[in-house]
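**Q** Sharing a structure here in structure tokens format.
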Amino acid sequence: MRRNPVNGKLTIIAPGRAARPTDLDAHGAGGAPAPCPFCAGNESQTPPEVDALRPSGSAPDSPRWRARVVPNKYPALPGMHEVIVHSPEHGVELEDLGDEALTEVLELWKRRIAAQLAGGAAAATLIVNRGRQAGASLEHPHEQLFATPVVPPLLLDELLEFDRFANRYGGCVLCAEMESAGERAVIEGPVRAWVPAASRFPGELWIAPGEHAADFREADVAQLAPALRRALVATRIATAGAPLNLWLHTAPADLRGAYHWHIEVAPRVSGLAGFELGAEIALVSLDPEEAARALREALPDG
Ligand SMILES: [Zn+2]
Ligand SMILES: [Zn+2]
Ligand SMILES: [Zn+2]
């Protein structure tokens with residue numbers, strides 16, 4: 001990992017990743033038929049699994065699994081980059097799982113984050129890349145867990161804002177954000193979803209427990225599953241299946257101040273352009289209230 005001394009920005013130089021295969025063409029559609037390493041029956045094409053949901057008695061790296069965790073074959077950081085394949089079926093997205101299966105997968109997210117933090121990582125960032133424009137290289141839906149030896153800058157920025165808010169007003173900035181969502185609220189209940197007033201992406205959606213909680217390792221995933229499923233279905237409909245990224249922000253291993261874990265869903269309707277990159281100021285042409293209305297309309301029943 002390198003840091004540019006002029007602007008302090010971090011970069012991981014990982015030339016090995018250039019060799020990773022892709023089954024998505026430039027338009028995000030499936031390319032030439034190649035055996036998918038994440039489909040049931042092709043377990044030998046991945047590095048040996050480090051965790052899985054499978055019937056008791058079934059051997060590691062054999063079929064019959066429900067979800068599988070393998071080290072990334074082309075890691076950003078060796079030993080700290082895992083792939084979570086949440087279904088043996090090609091094309092099953094997170095929101096296509098039933099709530100029971102999704103709950104079990106979210107439990108697996110918790111377990112892997114806990115394992116990485118216990119293993120010495122400073123922080124763990126779980127992400128989804130959906131569609132080639134959102135960075136996906138393989139079509140079979142999966143999550144990636146990036147454990148890092150440092151707290152990533154965005155998480156550091158958030159931790160700073162939590163501290164600043166607590167010192168100035170007392171309480172939690174994210175709890176306050178949820179409370180003031182108003183017509184930007186999309187899902188109410190024990191787990192809530194809303195469009196941030198200062199969205200960085202058109203149709204950006206945040207999901208968090210209504211009750212203050214810093215650490216995803218202690219999350220009530222049975223409550224999260226239906227909210228996450230509905231949020232992703234609504235996003236898929238409202239954006240007409242646009243590429244998207246999702247990331248989970250949870251407390252770092254060594255949390256000193258306040259924090260509140262959350263998931264950010266970022267539809268990638270438009271690419272990042274020069275001003276975004278050159279000034280780090282987002283330009284969003286969709287009104288957040290408008291985006292929230294479209295998401296509410298697309299929301300499936302409980
Ligand atoms: Zn597959
Ligand atoms: Zn809070
Ligand atoms: Zn965040």
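**Q** Please specify each residue of segment 103-134 satisfying the condition of being of a type in the set (A, V, I, L, M, F, W, C), in a helix (DSSP H, G or I) and crowded, with 20+ Cβ neighbours inside 10 Å.
**A** Result: Val105, Leu106, Leu108, Trp109, Ile113, Leu117.
**Q** Which number in (1) within 19 Å of the chain's Cα centre (by Cα); (2) crowded, with 17+ Cβ neighbours inside 10 Å; (3) touching a residue at least 60 places away in the same chain (Cβ under 8 Å); (4) within 16 Å of ligand 1 (Cβ to nearest atom) marks the one condition that Ser87 misses?
**A** All conditions are met except number (3).
**Q** Now, a different point. So, in segment 174-186, of the ones that are assigned to a helix (DSSP H, G or I) and free of Cβ contacts under 8 Å to residues at least 40 places away in the same chain, which residue ends up surrounded by the fewest Cβ atoms within 10 Å (Cβ to Cβ)?
**A** Per the stated criteria, the residue is Gly182.
**Q** Going through segment 148-165 one residue at a time, which ones are of a type in the set (A, V, I, L, M) and surrounded by 14 or more Cβ atoms within 10 Å (Cβ to Cβ)?
**A** Once the filter is applied, which keeps residues that are of a type in the set (A, V, I, L, M) and surrounded by 14 or more Cβ atoms within 10 Å (Cβ to Cβ), segment 148-165 yields Val150, Val151, Leu155, Leu159.
**Q** Cβ-Cβ distance below 7 Å, separation of 6 or more or different chains: which pairs start in segment 145-166 with a residue that is touching a residue at least 12 places away in the same chain (Cβ under 8 Å) and end on one that is within 16 Å of ligand 1 (Cβ to nearest atom)?
**A** Hits for this filter: Leu145/Ile84.
**Q** I want to confirm something. Restricting to segment 90-102 and keeping residues that are more than 21 Å from Leu24 (Cα to Cα) and crowded, with 20+ Cβ neighbours inside 10 Å, which single residue is farthest from ligand 2 (Cβ to nearest atom)?
**A** Of everything passing the filter in segment 90-102, Leu97 is farthest from ligand 2 (Cβ to nearest atom).
**Q** Right, something else. Assess whether Ala291 counts as being in contact with a Leu (Cβ under 9 Å, 6 or more places away or on another chain) and modelled with pLDDT of 95 or more.
**A** yes
**Q** Now a separate question. With buried (at least 23 other Cβ atoms within 10 Å of the Cβ) and touching a helix residue (DSSP H, G or I) at 6+ places or on another chain (Cβ under 7 Å) as the only criterion, which of Ala231, Ala225 stands out?
**A** Going through Ala231, Ala225 in turn, just one is buried (at least 23 other Cβ atoms within 10 Å of the Cβ) and touching a helix residue (DSSP H, G or I) at 6+ places or on another chain (Cβ under 7 Å): Ala225.
**Q** Here is a follow-up. All but one of (1) surrounded by fewer than 18 Cβ atoms within 10 Å (Cβ to Cβ); (2) under 17 Å from Glu264 (Cβ atoms); (3) of a type in the set (Lys, Arg) hold for Arg168; which doesn't?
**A** Evaluating Arg168 over (1) surrounded by fewer than 18 Cβ atoms within 10 Å (Cβ to Cβ); (2) under 17 Å from Glu264 (Cβ atoms); (3) of a type in the set (Lys, Arg) leaves (2) as the failure.
**Q** Among (1) part of a loop (DSSP other than H, G, I, E, B); (2) within 16 Å of ligand 3 (Cβ to nearest atom); (3) farther than 21 Å from Pro288 by Cβ, where does Arg164 come up short?
**A** (1)
**Q** Also, quick follow-up: Given the condition within 16 Å of ligand 3 (Cβ to nearest atom), of a type outside the set (D, E, K, R), closer than 30 Å to Arg296 by Cβ and in contact with a Phe, Trp or Tyr (Cβ under 8 Å, 6 or more places away or on another chain), answer yes or no: does some residue in segment 133-147 qualify?
**A** No, every residue in segment 133-147 fails to be within 16 Å of ligand 3 (Cβ to nearest atom), of a type outside the set (D, E, K, R), closer than 30 Å to Arg296 by Cβ and in contact with a Phe, Trp or Tyr (Cβ under 8 Å, 6 or more places away or on another chain).
**Q** Kindly provide the set of residues from segment 62-84 that are surrounded by fewer than 19 Cβ atoms within 10 Å (Cβ to Cβ) and touching a Leu at 6+ places or on another chain (Cβ under 8 Å), ordered by number.
**A** Correct list: Arg66 only.
**Q** Step by step: first the residues of segment 146-163, then only those that are within 16 Å of ligand 2 (Cβ to nearest atom) and touching a strand residue (DSSP E or B) at 6+ places or on another chain (Cβ under 8 Å), then the one that is farthest from Met80 (Cα to Cα). Which residue is that?
**A** Glu158
**Q** Mind checking which residues of segment 243-281 are of a type in the set (A, V, I, L, M), within 30 Å of Ala121 (Cα to Cα), touching a residue at least 40 places away in the same chain (Cβ under 8 Å) and touching a Phe, Trp or Tyr at 6+ places or on another chain (Cβ under 9 Å)?
**A** Selection gives Leu244, Leu248, Ala258, Ile263, Val265, Ala266.
The values are calculated or read from the model by the stated rules, or taken from the named source; none is laboratory data. Quick caveat: nothing in here was measured; it's all calculated off a predicted structure. Note that we place each Cβ from the backbone using ideal geometry, even for glycine, and neighbour counts take in every protein chain shown.
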